[in-house]
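*Asks:* Sharing a structure below in structure tokens format, with a few things to ask.
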Amino acid sequence: MKVLVAVKRVVDYNVKIRVNSNQTAVETANVKMSMNPFDEIAVEEGIRLKEAGTASELIAFSVGPKQSQETIRTALAMGADRGILVETDIIVEPLAVAKCLKAIVEKENPDLVIVGKQAIDDDSNQTGQMLAALLGWSQGTFASKLILSDGSIKVTREVDGGLETVDLKMPAVVTTDLRLNEPRYASLPNIMKAKKKTIDVTNPEELGIDISPRLTVLKVEEPAKRLAGVMVEDVVQLVDKLRNEAKVI
Ligand code: AMP
């Protein structure tokens, strides 16, 4: 069984986000970039399927600039077998990523595609769902547990108020939630080995895909600064302030 995982290069989750000077996007110049945390979980799940003998090959896929090769290399150091980069300097929207993924799926014929539930930069939570729709495949989103058996996959999903388990016919698309697993760190020997693994580079034109943006960003702004709080003497004063200053009761 072949598994394809998507890994996006995003601003590292520890970095304090700043808006760029012309207020068109988040500043990414001279900022630490890393693999999207939900994608680390996707890679880890793929590796576990390989270790269990369920998957025979794990491919890491990304769409983005040349530097996205570093993100793929991280997936290779964790344990993926090879990588595919669809190189572009345009900021890609989820539909464009889903179209690129579909083109690669049609070439590689994986049985399972695992993507993160959302990218922490755009928080779209759309790519996996769009890919499943474009392919006409089953989908299991927000997975916190996967059980594979012959030709089908049980996905436990985190939904409001509990857990739901769906039984999907493969091929399928799964999106990862936080509690699916705890991703491993790449060991030094594996980082060295990853340098020899292959990354195939293609681009949207070669795949015949139009990735031009469909959305226009009007303005990006920082949230308003929070005002300092005040200590109130007692409940009477609190109620008075809520009623007459905040006007919320
Ligand atoms: P989003 O729909 O943008 O929130 O992203 C959901 C998931 O789709 C991410 O966690 C990734 O697994 C995948 N994805 C989105 N954009 C890219 C990209 N440029 N390259 C690779 N994977 C991506």
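*Asks:* Using a 1.4 Å probe on the protein heavy atoms, what percent of the accessible area of the chain belongs to carbon and sulfur? Walk me through the numbers before you get to the answer.
*Replies:* On the way: 7480 of 14370 Å².
Answer for the chain is 52 percent, counting heavy atoms of protein chains only.
*Asks:* With charges only on Cβ, +1 for K and R and -1 for D and E, what is the dipole size of the chain about its Cα centre, in debye, rounded to 20?
*Replies:* The calculated dipole for the chain is roughly 420 debye.
*Asks:* Relative contact order for the chain: what percent, with Cα pairs under 8 Å and sequence separation of 6 or more?
*Replies:* 23 percent
*Asks:* Using 0.36 nm per residue of separation minus the Cα-Cα distance, give me the extension gain between residue 178 and residue 152 in nm, one decimal.
*Replies:* 7.1 nm
*Asks:* While we're on this one: How much area per residue is accessible in the chain when the probe is 1.4 Å and only protein heavy atoms are counted (Å²)? Kindly include the intermediate steps, with their values, before the conclusion.
*Replies:* On the way: 14370 Å² over 249 residues.
Computed with neighbouring chains in place, this is 58 Å² per residue.
*Asks:* Now a separate question. Stokes-Einstein D for the range 95-159 at 10 °C, 1.306 mPa s, Kirkwood Rh over Cα pairs, in µm²/s? Provide the component values of the computation, followed by the final result.
*Replies:* Values: Rh = 12.7 Å.
Roughly 125 µm²/s, to the nearest whole number.
*Asks:* Can you say what percent of the DSSP beta bridges in the chain, counting only those with both residues inside, are antiparallel? Round to 5.
*Replies:* Antiparallel: roughly 40 percent of the beta bridges in the chain.
*Asks:* In addition: Can you tell which of 220, 42, 128 lies farthest toward the positive end of the dipole of the chain, using +1 and -1 charges on the Cβ of basic and acidic side chains (Lys, Arg; Asp, Glu)?
*Replies:* 42
*Asks:* Given the Cα atoms of the chain, and with Rh set as the inverse mean 1/r over their pairs in the Kirkwood sense, what is Rg to Rh to two decimals?
*Replies:* On the Cα set of the chain, Rg over Rh gives 1.08.
The values are calculated or read from the model by the stated rules, or taken from the named source; none is laboratory data. Remember, it's a predicted structure, so these values are computed and weren't measured experimentally. Positions of Cβ are generated from backbone atoms using ideal geometry, with glycine treated the same way; all protein chains shown enter the neighbour counts. Calculation scope for accessible area: heavy atoms of the full protein, side chains included, ligands and nucleic acids excluded. Shrake-Rupley method; radii C 1.70, N 1.55, O 1.52, S 1.80 Å.
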